[in-house]
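Each remark here refers to the structure printed beneath this line.
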Amino acid sequence: KGLNPDAPMRDSGIEWLGEIPAHWEVKQIRHITEQLGGGTPTKDNASFWDGEIPWVSPKDMKLDYISESQERVTEAAIVHSSIKLIPIGSVLIVVRGMILAHSVPTALTTEPVTINQDMKALVPFRDLDGDFLLFVLKGLRDYLLSHTDSSAHGTKCLATERLERTSIALPNLDEQRDLARLLKERLAQIDSLSEAANGVSALLQERRTALISAAVTGKIDVRGWVAPESVVEGVVA
């Protein structure tokens, strides 16, 4: 229902998508983005490598927003090889690799980058917000995983045609941006709570270890200890 819980709904015409807000559209990814592939400049030409331009591969796809990579290329590599410069605000997606057995890494570029042949870049057209597309693809993870195949060598791959023909529900640009902003706020809250919970867990583990150490080294006297009645099968409630 987007941001309005009372929004009138209509059938999207797509079985797996179901109903969507009546004012939203349904469009295929190929109609709202430019799709760019990647490649690997030859390692035999030293002038192509160790430059200033990130060359993103699946191993770099660990964050939602990406501006860095383990390897970098030069302007010469862009001019004289098959790789292309991907603009800021593009959504990168891994389309080949064993990681597709359980996840579909996606990220939004915050700097111009290049990509290798196991990746695709979706450059949004004017009426599509990059953050919104990023969240849509993350939400479609299970759908995309169900359409991955194995190559002759056993490597998982997501066919370009399948990705490009994937339909998404699309509100207007302002609503896309509002939805993306709300998601960022909610996700930041969840991340903060998760970080706090991890901190408490680590502290409790430290205290547990310290208690065991104190007990077995005689620093505390446990001779008069009696198990509470709530102990069941060795577990204290």
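The values are calculated or read from the model by the stated rules, or taken from the named source; none is laboratory data. Just so you know, these numbers come straight off a predicted model, no measurement behind them. Positions of Cβ are generated from backbone atoms using ideal geometry, with glycine treated the same way; all protein chains shown enter the neighbour counts. For accessibility, only protein heavy atoms count, side chains too; no ligands or nucleic acids. Shrake-Rupley method; radii C 1.70, N 1.55, O 1.52, S 1.80 Å.
Just to verify a number: FRET efficiency for GLU161 and TYR65, C-beta to C-beta distance, R0 = 22 Å, to 0.05?
Calculated transfer efficiency: 0.20.
Keeping all protein chains in place and using 1.4 angstrom, which order do LEU3, LEU204 fall into by accessible surface area, from largest down?
Sorted descending by solvent-accessible area, the residues read LEU204, LEU3.
On a 24 Å Cα-Cα criterion, which of the cross-link pairs LYS59/LYS120; LYS1/LYS62; LYS84/LYS184; LYS1/LYS27 come out too long?
Going by Cα-Cα distance, LYS1/LYS62; LYS84/LYS184 fall outside the 24 Å limit.
Compute the distance in nm between two label points, each set 7 Å from the Cα along the Cα-to-Cβ direction, one at TYR143 and one at LEU187.
1.8 nm
Evaluate E = 1/(1 + (r/R0)^6) for ARG177 and GLU15, where r is the Cβ-Cβ distance and R0 equals 30 Å; express this FRET efficiency to the nearest 0.05.
Once the sixth-power term is evaluated, E becomes 0.55.
Just to check I understand the Karplus step: with θ = phi - 60° and J = 6.51 cos²θ - 1.76 cosθ + 1.60, what whole-Hz values come out for the range 12-17, glycine and proline as x?
6, x, 10, 4, 6, 8
Any idea what % of Cα-Cα pairs in the range 56-130 are farther than 16 Å?
Summing the P(r) tail past 16 Å for the range 56-130 gives 48 percent.
Please report Rg (one decimal) and Dmax (integer) in Å for the Cα set of the chain.
For the chain, the Cα-based Rg and Dmax read 24.9, 80 Å.
Between the range 98-129 and the range 176-196, how many Å separate their Cα centres?
Cα centroid to Cα centroid, the span is 21 Å.
Please report the carbon-and-sulfur percent of the accessible area for the chain; probe 1.4 Å, protein heavy atoms only, DNA, RNA and ligands left out.
53 percent
Accessible area per residue of the chain at 1.4 Å probe, in Å²?
Spelled out: the 1.4 Å probe surface of the chain, per residue, equals 61 Å².
By how many degrees, between 0 and 90 and to the nearest 10, does the Cα long axis of helix 173-216 differ from the longest principal axis of the chain?
Between the helix axis and the principal axis of the chain, the angle is about 30 degrees.
Please give the solvent-accessible surface of ILE78 in Å², to the nearest 10, using a probe radius of 1.4 Å with every protein chain present.
40 Å²
Evaluate the range 155-200: find the radius of gyration of its Cα atoms, find its Kirkwood radius, and give the ratio Rg to Rh.
On the Cα set of the range 155-200, Rg over Rh gives 1.23.
Output the 0 to 90 degree angle, nearest 10, between the alpha-carbon long axis of helix 130-139 and the longest principal axis computed from the alpha carbons of the chain.
Computed tilt is about 60 degrees.
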